[in-house]
Amino acid sequence: MWRRLSAVAGLAMAAVLALPGAAMAKPKELDVPVGTWLAARTHPAVQLTSVSYTADVAVPTPVANLDAIRKLTQQGIAAVQSGKISADENSIYRWVVQQMAKDPGRYFSPGAPERVVEASAGGLCTGWWVTPDGYMVTAAHCVGQEDEELAQTFAAQALTEVNKKDAADLIADLGDVASDDEIVRTASKIFQIWNADNIKIRNVKSGLSLLQSLPGGGVDKTAKSVPIELVAKGTVYPGKDVAILKANGQNNLPTVPLGQDSDVRVGDTLYISGFPGTVTQTSIFNVESKLDPAFTEGPYNASRQTPEGVPYIQTQAPSYPGNSGGPVFSRDGNVIGILVGGLIQQDGGSTEGESFVLPVSIVKEKLNEKNIKPAESATTKAYNEALDLFFADHYSEALPKFREVQALQPNHPYVAKYITDSQQAITAGRDQSSSPILPWILWGGGGLVVLFVVGTLVAVARGKRRAKTPPSSFPPVSYGVQPGHPPQGPQGYGQQYGGLPAGASAGQPYQQRPPYPLPAGPEETRSVRPQAQQYGAPPHGRSQAHGQGQGPGANTRIAGLEAELEELRRSMRQRPPEQ
């Protein structure tokens, strides 16, 4: 009998623990788009990175090769006569400068004087935190340029005024064609190429930094850049184009989890986060808004491999210069690669369907070289739990979690807004959190349920026993301990009927949560609530009534049950020992 009662008590306790609100059940499917869910979870860990250079830049004065230009002009006249180009002056000069742009070194030679500029140049990319103490992943080409690339960068950025002057001199020599915008653009291109080919760079200094987002997202003009050090660097695209950076003095940074190459395959949707130059390099948007990450998605088109055996993923998820180094996610929120390249059109735009992603296995390989272990931060764990509650409309439960995030990481870029949104939702009456009385029911009322069930079954059992056998005719059997045998310890009935369900072990929760939240389904609801009501628990969101659990008669019932139990114990002690 006592074994049966212990088993029933364990089942009753399991039923109480399974009540809605006892633990936050992970929903099977969130009532938000996948992209929205992913962006909310991953944006805090995505950062704008910057590489900068300072140097003394010198370029010679271009001297026109008159013989070459004269021959080119004659070719233009012949083209007019053959009808290949129009006979008007602008069309002829337009054709001439277009031919010059194909090979500027053929038409101009270095001359004196040498022009020297104290210059600075740089570029923006994307990186993302993989450890709470400041290790970051980005692309190798984002942290340093080869000499030839650096020369082109200085020619395009540092020598802007020099290029403009050289182009203006050429247009003046050609005649009155300054109103032709195409000629002006092509002339500027000529000297951007020529100056890059003839540039001399001295006293080069470089630096890496990142711009950490402000609370609320974005970066304003007063934000300080954080210096960051290069830890490891691979070979630039199409090689293993990945680099590891470290920002010192950091803790509790938001992080993103690394997945496996096998997490995705052809046909799956991929998601890219980063800072496209089409936004960061424009004056259309203000500084605060344009330095928030952009999120794009597209299909996994194909698996590729370079002649050197480096694997790449081709995707149609849109990307642009500046997205380089950004994380690429599966729909489960794990990083499956790093964006490193694409085919660029002449106007600087990305060719659709030509974004290339270095698989996450290459990222892990580089991290392992430096014995860097990716880890989820306490900030991210609390933040993701808060987001689960927020998206489930449990705003009053999400609020303390968001405040925990704010305490862990005061500079978290988005948590302040979620706190405000949660408060507004509660005020507006949209909160779907569990009833405030539910925790009392679970921890206090739950005990009453178990006590009530046990006491009732004891009373029923006693009544049946008395009906079958009068007290005077009890057989000489003991329900206690036989003489000479020690009492049952923790390895007796307690292990077998300790209240844990089949398959569970001590120290593990009864209901395991999947790694990411999913909305509750109908099967889950059906399997929990009938059990709870069967063992005397109240329906979800209601207090007990009609003599169950709480109510004016609760204390009287408890006293009555205690009296019955004490009477049962006295009768047990008075029975003769078992033969």
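The values are calculated or read from the model by the stated rules, or taken from the named source; none is laboratory data. Only a predicted model underlies this, so the values are computations on that prediction, with no experimental measurement involved. For neighbour counting, all protein chains shown are included, and Cβ atoms are generated from backbone atoms with ideal geometry for every residue, glycine included. Side chains are part of the model used for accessible areas, which takes the heavy atoms of the whole protein and leaves out ligands, DNA and RNA. Shrake-Rupley method; radii C 1.70, N 1.55, O 1.52, S 1.80 Å.
Quick notes on this structure:
- Inside the range 385-415, residues that are of a type in the set (Asp, Glu), open to solvent by less than 50 Å² (accessible area, probe 1.4 Å) and outside any helix (DSSP H, G or I) make up a count of 0.
- For Asp133, the conditions (1) surrounded by 19 or more Cβ atoms within 10 Å (Cβ to Cβ); (2) outside any helix (DSSP H, G or I) all hold with the exception of (1).
- Figure legend. Inter-residue proximity from the range 225-253: first residues of a type in the set (Gly, Ala, Ser), second residues assigned to a loop (DSSP other than H, G, I, E, B) and open to solvent by 50 Å² or more (accessible area, probe 1.4 Å), beta-carbon distance below 8 Å, spacing 6+ or different chains. Indicated pairs: Ala232/Lys370; Gly234/Lys240; Gly239/Glu308.
- When we screen Pro276, Pro227 for residues that are open to solvent by 30 Å² or more (accessible area, probe 1.4 Å) and within 30 Å of Val117 (Cα to Cα), the only hit is Pro227.
- Members of the range 75-129 that are open to solvent by 20 Å² or more (accessible area, probe 1.4 Å), more than 20 Å from Asp180 (Cα to Cα) and assigned to a helix (DSSP H, G or I): Gln75, Ala78, Gln81, Gly105, Arg106
- Single unsatisfied condition, Leu72 versus (1) crowded, with 16+ Cβ neighbours inside 10 Å; (2) under 54 Å from the mean Cα position of the chain (by Cα): (2)
- Any hit, the range 416-426, residues being assigned to a helix (DSSP H, G or I), at pLDDT 95 or above, open to solvent by 50 Å² or more (accessible area, probe 1.4 Å) and aliphatic (A, V, I, L, M): yes
- Some residue of the range 88-101 being under 30 Å from Glu149 (Cα atoms), without any contact (Cβ under 8 Å) to a residue 40 or more places away in the chain and charged (D, E, K, R): no
- Exactly one residue out of Thr278, Thr282, Thr296 is in contact with a strand residue (DSSP E or B) (Cβ under 6 Å, 6 or more places away or on another chain), closer than 28 Å to Gly122 by Cα and either among the polar types (S, T, N, Q) or in a helix (DSSP H, G or I) (or both), and it is Thr296.
- Test: residue in the range 318-331 that is surrounded by fewer than 19 Cβ atoms within 10 Å (Cβ to Cβ), modelled with pLDDT of 80 or more and closer than 18 Å to Ala45 by Cβ: yes
- For the range 35-58, residues that are under 23 Å from Pro321 (Cβ atoms) and part of a strand (DSSP E or B) total 11.
- For the range 339-382, residues that are modelled with pLDDT of 95 or more, open to solvent by less than 50 Å² (accessible area, probe 1.4 Å), in a loop (DSSP other than H, G, I, E, B) and out of contact with any strand residue (DSSP E or B) (no Cβ under 9 Å at 6 or more places or on another chain) total 1.
- Tyr300 falls short of the stated requirement of being modelled with pLDDT of 95 or more, under 30 Å from Leu211 (Cβ atoms) and open to solvent by less than 60 Å² (accessible area, probe 1.4 Å).
- With respect to (1) closer than 17 Å to Asn203 by Cα; (2) surrounded by fewer than 15 Cβ atoms within 10 Å (Cβ to Cβ); (3) under 47 Å from the mean Cα position of the chain (by Cα), the lone exception for Glu182 is condition (1).
- Criterion: farther than 22 Å from Ser188 by Cβ and within 50 Å of the chain's Cα centre (by Cα) - qualifying residue of Val51, Val97: Val51
- Comparison of Asp241, Asp292, Asp268, Asp261 shows that the only residue that is among the charged types (D, E, K, R) and open to solvent by less than 10 Å² (accessible area, probe 1.4 Å) is Asp241.
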